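The structure under discussion appears below in the form of structure tokens.
The values are calculated or read from the model by the stated rules, or taken from the named source; none is laboratory data. The model shown is predicted, which means the values in this text are computed figures rather than measured ones. We place every Cβ from the backbone using ideal geometry, glycine too, and count neighbours over all the protein chains shown.
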Amino acid sequence: MRERIELTFQVARRTGATIRMVRTGGHGAYTVRPVTPGASPAATPGQRLAAGSVHAYTAIGSVLALLMVHLSYRGDVEAVLWLFLAAIFIDGTDGFLARRFRVKEVMPGFDGALLDNIIDFMTYALAPMVLLWASGALPDGFWGGFWAAVPVLASSYQFCQAQAKTDDHFFMGFPSYWNAVAFYAIAGSFSPAVTVLALAVCTVLVFIPVKYVYTTRTETLFYVNMTLAALWMVAYAIVVAQLDSPPLWLLYGSLVYPVYYVALSLWLTYLTSRRARLGEPVTA
């Protein structure tokens with residue numbers, strides 16, 4: 001019996017299969033059985049419903065992305081900016097819900113992380129560039145399309161990196177916050193030249209290996225980070241609600257959070273790199 005179990009575990013390690021040991025009788029009698037991907041064998045219908053609901057909540061972002069593109073071409077800039085905020089809220093809360101309801105364990109056959117990446121690419125990269133291009137915030141003609149495409153291509157690269165999200169909960173390279181760039185460009189009435197400059201700088205940052213704070217996961221100053229992020233979202237909402245004549249003091253004052261975010265990210269990049277060189281734990 002012991003030999004059969006050991007052989008089964010060896011095969012499982014080589015093939016990546018998932019197995020479990022089931023007690024089939026008294027006196028320590030166990031049977032080794034494969035676990036079929038798709039649902040946790042111990043999950044109740046209620047747990048599967050909860051896990052599926054979390055995935056459905058994340059998937060709402062795909063509908064928001066579709067509406068963002070549609071409304072961008074209709075010229076309803078304010079509505080698109082509100083949808084950006086809704087997408088940010090969903091993205092900031094679905095991970096917590098996924099961990100709370102153990103979706104990986106309950107529905108191991110469904111890749112929630114892949115779904116999240118697809119939604120984020122559409123709502124954080126593609127839709128913001130459509131908005132900037134369609135609203136006239138970029139240069140006319142060929143160059144408008146060119147500069148709309150550059151961040152999308154850079155984000156395609158960034159999202160496909162194996163360490164786009166590092167094991168110690170950072171984003172590697174500028175984390176495609178193009179929705180925030182679009183928000184400031186439109187609310188601040190940037191000229192096309194200034195908008196292009198902002199896009200160019202952020203595109204370069206995608207390829208520089210700085211570890212950016214993952215607001216809902218990075219442990220260092222977690223509560224400070226979450227509080228500042230929430231305040232930034234409030235400021236965003238106030239500005240969008242008065243988009244025809246936004247309070248510029250609040251718009252530019254809200255830049256305190258992005259500046260803090262970048263400064264903290266640079267500091268933690270240095271700190272974790274130093275710890276790695278010294279052979280110390282690198283978690284932040």
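If you scan segment 239-264, which residues turn out to be outside any loop (DSSP other than H, G, I, E, B) and over 14 Å from A229 (Cα atoms)? V239, V240, A241, L248, W249, L250, L251, Y252, A263 - these are the residues of segment 239-264 that are outside any loop (DSSP other than H, G, I, E, B) and over 14 Å from A229 (Cα atoms). Taking the criterion of being surrounded by fewer than 17 Cβ atoms within 10 Å (Cβ to Cβ) and either over 20 Å from the mean Cα position of the chain (by Cα) or small (G, A, S) (or both), the residues of segment 109-118 that qualify are G109, A113. Just a yes or no: is a residue in segment 224-234 in a helix (DSSP H, G or I) and touching a residue at least 60 places away in the same chain (Cβ under 8 Å)? Looking through segment 224-234, at least one residue is in a helix (DSSP H, G or I) and touching a residue at least 60 places away in the same chain (Cβ under 8 Å). Listed conditions (1) assigned to a loop (DSSP other than H, G, I, E, B); (2) among the small types (G, A, S); (3) at pLDDT 95 or above are all met by A162, apart from (3).
Out of all the residues in segment 70-79, which are assigned to a helix (DSSP H, G or I) and either more than 12 Å from A241 (Cα to Cα) or without any contact (Cβ under 8 Å) to a residue 40 or more places away in the chain (or both)?
So in segment 70-79, the residues assigned to a helix (DSSP H, G or I) come out as 70-74, 77-79.
Matches in segment 70-79: H70, L71, S72, Y73, R74, A79.
Among the residues of this structure, A65 counts as one that is surrounded by 14 or more Cβ atoms within 10 Å (Cβ to Cβ), part of a helix (DSSP H, G or I) and modelled with pLDDT of 95 or more. Being crowded, with 19+ Cβ neighbours inside 10 Å and touching a Lys or Arg at 6+ places or on another chain (Cβ under 8 Å), is that true of even one residue in segment 172-183? Checked segment 172-183: at least one residue is crowded, with 19+ Cβ neighbours inside 10 Å and touching a Lys or Arg at 6+ places or on another chain (Cβ under 8 Å).
Residues are listed down the side, and each one gets a yes or a no for (1) in the same structural domain as F89 (by TED's automatic domain parsing); (2) farther than 16 Å from L255 by Cβ; (3) in contact with a Phe, Trp or Tyr (Cβ under 8 Å, 6 or more places away or on another chain):
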position	(1), (2), (3)
G136	yes, yes, no
Y157	yes, yes, yes
S176	yes, yes, yes
V201	yes, no, no
R217	yes, yes, no
F222	yes, yes, no
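Among residues of segment 132-171 being charged (D, E, K, R) and under 19 Å from the mean Cα position of the chain (by Cα), the one that is surrounded by the most Cβ atoms within 10 Å (Cβ to Cβ) is K165. Every test in (1) at pLDDT below 95; (2) under 26 Å from T93 (Cβ atoms) is passed by L278 save one, and that test is (2).
So, in segment 125-168, exactly how many residues are touching a strand residue (DSSP E or B) at 6+ places or on another chain (Cβ under 9 Å) and either under 25 Å from L85 (Cβ atoms) or without any contact (Cβ under 8 Å) to a residue 40 or more places away in the chain (or both)? Even if it seems obvious, please write down each step before you answer.
To start, the set of residues in segment 125-168 that are touching a strand residue (DSSP E or B) at 6+ places or on another chain (Cβ under 9 Å) comprises 158, 161, 163-166, 168.
Filter again for either under 25 Å from L85 (Cβ atoms) or without any contact (Cβ under 8 Å) to a residue 40 or more places away in the chain (or both), leaving 158, 161, 163-165.
The number of residues fulfilling the criteria is 5.
Name the single residue that is farthest from T218 (Cα to Cα) among those in segment 87-107 being under 18 Å from the mean Cα position of the chain (by Cα) and surrounded by fewer than 16 Cβ atoms within 10 Å (Cβ to Cβ). My answer is K104.
Can you tell me which of M129, M122 is surrounded by 22 or more Cβ atoms within 10 Å (Cβ to Cβ) and of a type outside the set (V, I, T)?
It is M129.
Given the condition of a type outside the set (D, E, K, R), under 30 Å from L49 (Cα atoms) and touching a His at 6+ places or on another chain (Cβ under 7 Å), answer yes or no: does some residue in segment 141-164 qualify? No, because not a single residue in segment 141-164 is of a type outside the set (D, E, K, R), under 30 Å from L49 (Cα atoms) and touching a His at 6+ places or on another chain (Cβ under 7 Å).
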